[in-house]
Structures are given as structure tokens and as C-alpha cells.
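Chemist: What follows is a single structure, and I will ask about it in a moment.
The values are calculated or read from the model by the stated rules, or taken from the named source; none is laboratory data. Computed from a predicted model, the values in this text were never measured in an experiment. Cβ atoms come from the backbone with ideal geometry, glycine included; neighbour counts cover every protein chain shown.
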Amino acid sequence: MIELPPEVHRLIDSALTEDQAFNDPTTQALVPPEIQGRGILRAKADGILAGLDVALAVFNRVDNQLVTKELLQDGSAVSPGTELAVVEGSAGSILKAERVALNFLQRMSGIASDTNRYVLEVRSVAGSKSRIVDTRKTAPGHRYLDKYAVRMGGGFNHRLNLADGILIKDNHIQALKSQEMGLKEVIQLALAKASHTIKVEVEVETLDEVREALEGGAHIIMLDNMPVDMMQRAMDIIDGRVVVEASGGIDHDTVRAVAGTGVDLISVGALTHSTTALDISLDLEFS
């Protein structure tokens, strides 16, 4: 098992408290502590595994006497019936931890699975080198885990947080337009004030803004909510001079066409804000 950072352990504790795992009257009334069981985590759908270490940490947090064993590693492809891990020990402890463990595992595996689908769709485009990246549209408190799951699905991470880089968005631009600054000047101001270790990215919506962004010296240009034909014209204007990201409303129906324009990055907010959990169960066995 990998060593989980403190923020994940705090999240696990918060989830267990929310579920009142240490105050379960059903298990306390019906399952004597001496009953021993063997829980098997199994996939019930095709997908990519992510979050197994987190799920097993939940069991160990409820009862450190439980014995856990990984049968697969995160990033593995799974199908219905695939056994993922085994948890052995007090049946009551396993039952108390079950829901929280599965909530983490199903969400993270769902993110990894959907990310992988996007990655494979982009790879199917001849000559494409586009990378699928996530956004900061994550479940509150789950950002580390959501972005880890994206990596397990073959995607890449955008900014982890606001401190990771300068991203000039439409509201920033509008705020400075009120001070009579144009886009070029906004970019140059950001560059002048930025540390040499930080890149400056700017969001643009028109071809004129693409030209201004180039003149301003932006390191990365984000083509926001552009139709594919306009995106292709923007790529012709940029002509390989800076890194280009496509963003806004991109889904499984459009991602191949976007990749075909030659953009470097394709950001998809739905990876983490609208994920569908992968169906995974825990089956208890008794000798």
C-alpha cells in the first residue's frame, strides 16, 4: 500500500464520522464481535481501478486488526467479477467500514474509467498528441483524490490549486478592462509580477484575442468554448509558438474533432464534477 498524505487521512476520518461508523446500532445489535468474516471487493462493471489504498485504509481506520490484501494495483483494467482486494477479521468491523470504503473506491474508479475513455478516444485520432487534463471542478475536500484518479486513468493534472500558476480568465480580464487595460496589457502585467517559475495562461474566446495573447507573450493560450472550425483557425494563427489548451463543453461526442485540430491539452471538467461511480461491491464470506 502507498503512504497516504495527512489530508486524505483527515478526509477518511471525516467520512467515518459523517457515517457514524463507530456508532452503528444495527451491527452492534446483530453481529457479535467474535464472528470473523472475509470480505471480497469485486468489480461489477468494466473500468479502471483507482482508490484501492484509500478504501483499505478505511477498513484499517475502523479496526487496525483487520488484515487487508490488495489483489490488483490502481490503474488496472477490471471487468465484472474481477476481485480487487480481500479484508479479513471482525465481520462487524468490516460492515461498519463497508459503505465509506466503497464510496471512495467507486468514485475514484469512476473518474479513472471516464478519463481512460477520453484518453483512448484521443489516441484514436491519427497523429494526435493531445493530452486529456482535468480542472479544479472537484468535490470539495476530494481534490487530491480526484486528481490522483485522473492520473490512474491515463490523464494529466491541470492546476492543483490557485497557487500553481497564473490563469487569466474572463472575469480577470473584465475587471481590468474597467481600468482601461486591454488583453495584451493584462498579460504583460501578469508576466511582470509573476515569479520566473510560474507560467502565465490566458483564456480567449475570439481570434482577435488569440492575436493579442500572442503579442502579450502568454506562455499558454486557452481556447474557451470555441467551435472546432474556429479552433482550427486559431491553431493556424498560433502556428506552434505557444502551448494551446482547448476547454469548454468538450465531451465524448466532440473530443476527437478537438484533438484533430492539434491542440496540446484538452481540459474536461466533467471528469471530476459529473463522474459516474464504477459499480463495485463487497461480498462477505464466512467459514
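Chemist: Any residue at all in the stretch 44-56 that is within 30 Å of Val258 (Cβ to Cβ), surrounded by fewer than 23 Cβ atoms within 10 Å (Cβ to Cβ) and in contact with an Asp or Glu (Cβ under 9 Å, 6 or more places away or on another chain)?
Modeler: yes
Chemist: So, in the stretch 191-239, how many residues would count as being under 25 Å from the mean Cα position of the chain (by Cα) and either over 17 Å from Ile250 (Cα atoms) or of a type in the set (Lys, Arg) (or both)?
Modeler: The total comes to 8.
Chemist: Just give me the residues in the stretch 1-45 being in contact with a Leu (Cβ under 7 Å, 6 or more places away or on another chain) and of a type in the set (Gly, Ala, Ser), in sequence order.
Modeler: Listed by number, the residues that qualify are Gly37, Gly39, Ala43, Ala45.
Chemist: For the stretch 143-167, which residues satisfy the criterion of being in a helix (DSSP H, G or I) and basic (Lys, Arg)?
Modeler: The answer is Arg143, Lys147, Arg151.
Chemist: While we're here: Can you name every one of the strands (runs of 3 or more DSSP E) wholly within the stretch 182-287 that holds 1 or more residues which are surrounded by fewer than 17 Cβ atoms within 10 Å (Cβ to Cβ)?
Modeler: In the stretch 182-287, the matching strands (runs of 3 or more DSSP E) lie at 243-247, 280-285.
Chemist: Let me ask something additional. Please state which of the following conditions Thr138 fails to meet, knowing it meets all the rest: (1) in contact with a Gly (Cβ under 8 Å, 6 or more places away or on another chain); (2) not in a helix (DSSP H, G or I).
Modeler: (1)
Chemist: Out of all the residues in the stretch 92-133, which are more than 30 Å from Met222 (Cβ to Cβ) and either part of a loop (DSSP other than H, G, I, E, B) or outside the structural domain of Gln20 (by TED's automatic domain parsing) (or both)?
Modeler: none
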